[in-house]
Amino acid sequence: MQLNKGLKELNASLFIYNVNTDLYWSDDNIRAESAVFGLVDMQMTDVVIVMYERIKNKTITDKVIESAHRHNVPVIIVDAQREDCISICFDYKKGFEEVVRHVIEFHGAKKPHFLGGFKGNIFSDERMEVFRKVIEENGIEFTEDMVSYGNFWAKPAREAAEALLAKGDIPDAIICANDIMALNVCAVLFEHGYKVPDDIIVTGFDGIDEINLSIPRMTSSYCGCAASVPSIVDALTKLFNDGVKTGSYLVEPELIINSSCGCDNSDDELRNGIIRSFNDRFYRYQDDSVVLSAITESMQSCTDIVDCACKLFTDKIRDLVCIINKECIDSKRNYFAGGPRMDFPEEMFVFFDSDLASFRQRPFKRRDIIPNLDKIVENGDPLIFNVISYMNVPLGYTCFHFSDYDIVDFCKIPQIVNTVGSGLGGYVNLKYQLYLTARIERMYKFDSLTGLYNRLSFSNEFEQRKRSLIGQKVPVTVILVDLDGLKYINDNYGHGAGDNAIRTVAQALKSSCPEDAICVRFGGDEMLAVITGNCVPEQIKYDINRKLNRYNTTEGKPYLIAASMGIYRTDTTQNTDFEFLVKETDADMYAEKIAKRRHLNG
């Protein structure tokens, strides 16, 4: 956090937009995490600092820089050279040359081998040319078989080392283009019985912490971000004071002499400090993983958004705000359909805030960034943003604002972000699945036109109701409603009008009966209600007719909607066979229909 300290002296605040996994150089590897760069609000940004080697993707880098320039925001780019930016680069060439000269000129290696990164990679090729230059200056002829490639990574580096040893022409020094490859080359050499540096010298490049934990400790060159901080602060000072928006800085790497080349550098205090830090991070990681995995599982099983967020209140999570896409909480849509989206809408939602005093789930404008932004910025703490994603789809973003941060806090960020993403993503998926299940259940149980039970589900519901009343003498009332003149309406006004008439009668029946009545669409234009318990069926019949008359009066349809009704009453100690009840009620309903026809015929 050296940069944040420097910015405090300039009265500036640091917002960090972070990805936890490498995007690499191919656009095929761009994942949802890269949406974090779309959160940069150029309207409130004074300067953008791009860590090119951390982003590892030219397309994304170019988009960020283009957006900054459109808003007239100056850009400092670290680890790359651009004429339209203030460029801060490491003198990798000089740093690597120091390592090679140390091996060749100080230790007198005569049969060196170079392990490069990717063939054709600019950094790998540059380091190979440095290797060639130095050995030729020292009278060693360069040949192509002096070069292997380990792709800057562990497994290919081990494979390259195995292939080199299999040839039998063993070098006296293996000079690697980065530390990861050097550490893995050492491991292969040990497995084959070679000693480093007694039999073979091995060196790395970059200066990562792990070189001080290896046996032997790795000779390398430090090119870490911390080394660029003085240049960044100097560039910002000139920018703020004098308006200087372009220029170049060259940062010299620092040669790290350790025992893998044969030198004796027993800085036990440094080594022990790094070991303590690694131990602390490792054991905390183990402990935290158990807790955070349990949090993920509990979030995924929640059915309430507040309960889901409350699972994050734990001593493992602090100084954290989670803002999510408002669409996440709409359980009636499949949020993950359509694949990745790389931007966020203006309408967001506060999902979680570790500050209990201010936490309240609510709609939130993305332009406001996080709740209580001014208060947090006043504290001088850096804000660290990460995308919350699930199934490679962004759900929202997190913001960490550690007030008393240490290295362990930063190392926990990927764990916590993954916990939130997996937990919230599982919750969103579950809510949608429950919605679909409810819809399927409704389709199975209810008639799609009227919303009443269909015959099968009615039969099941009716039998359950009967079983629950066994041994009790409870009144049972059956009301059968038959739409009058459906054929006339269909023939003269279409089946849409006929469906409307059926639906209207069904709604009148349902709304006039008690809430616990079992209502079913019994036939095409017949609806039936079974009511257990006391009721006044004549009042229900009156209410149905009143609602149909009101509809006819207010809606102004060219046809009238009317119904004939039959009523039958019994109790649970008598015959409650469904077919019997329908038969008795049907007889009463037809009696009413006949009476209506006689009335119409005079």
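Kindly indicate whether Ala595 is free of Cβ contacts under 8 Å to residues at least 40 places away in the same chain and not β-branched (Val, Ile, Thr). Break it down stepwise before answering.
Values: free of Cβ contacts under 8 Å to residues at least 40 places away in the same chain: yes; not β-branched (Val, Ile, Thr): yes.
Against the criterion (free of Cβ contacts under 8 Å to residues at least 40 places away in the same chain and not β-branched (Val, Ile, Thr)), Ala595 qualifies.
Give the residue that is surrounded by the fewest Cβ atoms within 10 Å (Cβ to Cβ), with candidates limited to residues of the stretch 363-396 that are modelled with pLDDT under 95 and under 19 Å from Lys311 (Cα atoms).
Looking at the filtered set, the residue picked out is Tyr390.
Here is a list of conditions, (1) surrounded by 12 or more Cβ atoms within 10 Å (Cβ to Cβ); (2) of a type outside the set (Gly, Ala, Ser); (3) over 23 Å from Tyr444 (Cα atoms); (4) at pLDDT 95 or above, and Gln539 meets all of them except one; can you say which number that is?
Checking Gln539 against (1) surrounded by 12 or more Cβ atoms within 10 Å (Cβ to Cβ); (2) of a type outside the set (Gly, Ala, Ser); (3) over 23 Å from Tyr444 (Cα atoms); (4) at pLDDT 95 or above, the one that fails is (1).
Go through (1) touching a Phe, Trp or Tyr at 6+ places or on another chain (Cβ under 8 Å); (2) closer than 13 Å to Lys245 by Cβ and name the single condition Lys56 misses.
Here Lys56 meets the rest and fails (2).
Going through Leu356, Leu312 one at a time, which residue ends up being exposed (fewer than 13 other Cβ atoms within 10 Å of the Cβ), more than 23 Å from Val64 (Cα to Cα) and among the aliphatic types (A, V, I, L, M)?
Working: Leu312 fails: exposed (fewer than 13 other Cβ atoms within 10 Å of the Cβ).
Of the residues listed, the single one that is exposed (fewer than 13 other Cβ atoms within 10 Å of the Cβ), more than 23 Å from Val64 (Cα to Cα) and among the aliphatic types (A, V, I, L, M) is Leu356.
Suppose we filter the stretch 133-151 for residues that are under 47 Å from the mean Cα position of the chain (by Cα) and outside any strand (DSSP E or B); how many remain?
First, the residues of the stretch 133-151 that are under 47 Å from the mean Cα position of the chain (by Cα): 144-151.
So of that shortlist, the ones also outside any strand (DSSP E or B) come out as 144-146, 150-151.
The number of residues fulfilling the criteria is 5.
Residues checked against (1) touching a Pro at 6+ places or on another chain (Cβ under 9 Å); (2) farther than 25 Å from Thr203 by Cα; (3) surrounded by fewer than 19 Cβ atoms within 10 Å (Cβ to Cβ):
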{"residue": "Val75", "(1), (2), (3)": "no, yes, no"}
{"residue": "Ile88", "(1), (2), (3)": "no, yes, no"}
{"residue": "Lys94", "(1), (2), (3)": "yes, no, yes"}
{"residue": "Arg101", "(1), (2), (3)": "no, no, yes"}
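Taking interchain pairs and intrachain pairs at least six residues apart, which have beta carbon atoms under 8 angstrom, with the first residue in the stretch 541-552 and farther than 19 Å from Met589 by Cβ and assigned by TED's automatic domain parsing to the domain that holds Ala501 and the second among the small types (Gly, Ala, Ser) and part of a helix (DSSP H, G or I)?
Filtered contacts from the stretch 541-552: Tyr551/Ala508.
Can you confirm whether Gly120 is at pLDDT below 95 and either in a loop (DSSP other than H, G, I, E, B) or not assigned by TED's automatic domain parsing to the domain that holds Glu159 (or both)?
Working: at pLDDT below 95: yes; either in a loop (DSSP other than H, G, I, E, B) or not assigned by TED's automatic domain parsing to the domain that holds Glu159 (or both): yes.
Taking the combined requirement at face value, the residue satisfies it.
Are any of the residues in the stretch 512-535 in the same structural domain as Leu480 (by TED's automatic domain parsing), farther than 30 Å from Gln472 by Cβ, hydroxyl-bearing (Ser, Thr, Tyr) and in contact with a strand residue (DSSP E or B) (Cβ under 6 Å, 6 or more places away or on another chain)?
There is no residue in the stretch 512-535 that is in the same structural domain as Leu480 (by TED's automatic domain parsing), farther than 30 Å from Gln472 by Cβ, hydroxyl-bearing (Ser, Thr, Tyr) and in contact with a strand residue (DSSP E or B) (Cβ under 6 Å, 6 or more places away or on another chain).
Only one of (1) more than 21 Å from Cys399 (Cα to Cα); (2) in contact (Cβ under 8 Å) with a residue 12 or more places away in the chain; (3) surrounded by fewer than 16 Cβ atoms within 10 Å (Cβ to Cβ); (4) acidic (Asp, Glu) fails for Asp41. Which number is that?
Checking Asp41 against (1) more than 21 Å from Cys399 (Cα to Cα); (2) in contact (Cβ under 8 Å) with a residue 12 or more places away in the chain; (3) surrounded by fewer than 16 Cβ atoms within 10 Å (Cβ to Cβ); (4) acidic (Asp, Glu), the one that fails is (1).
The values are calculated or read from the model by the stated rules, or taken from the named source; none is laboratory data. What you are looking at is a predicted structure, and each value in this text was computed from that prediction instead of being measured. Note that each Cβ is placed from the backbone with ideal geometry, even for glycine, and that neighbours are counted across all protein chains shown.
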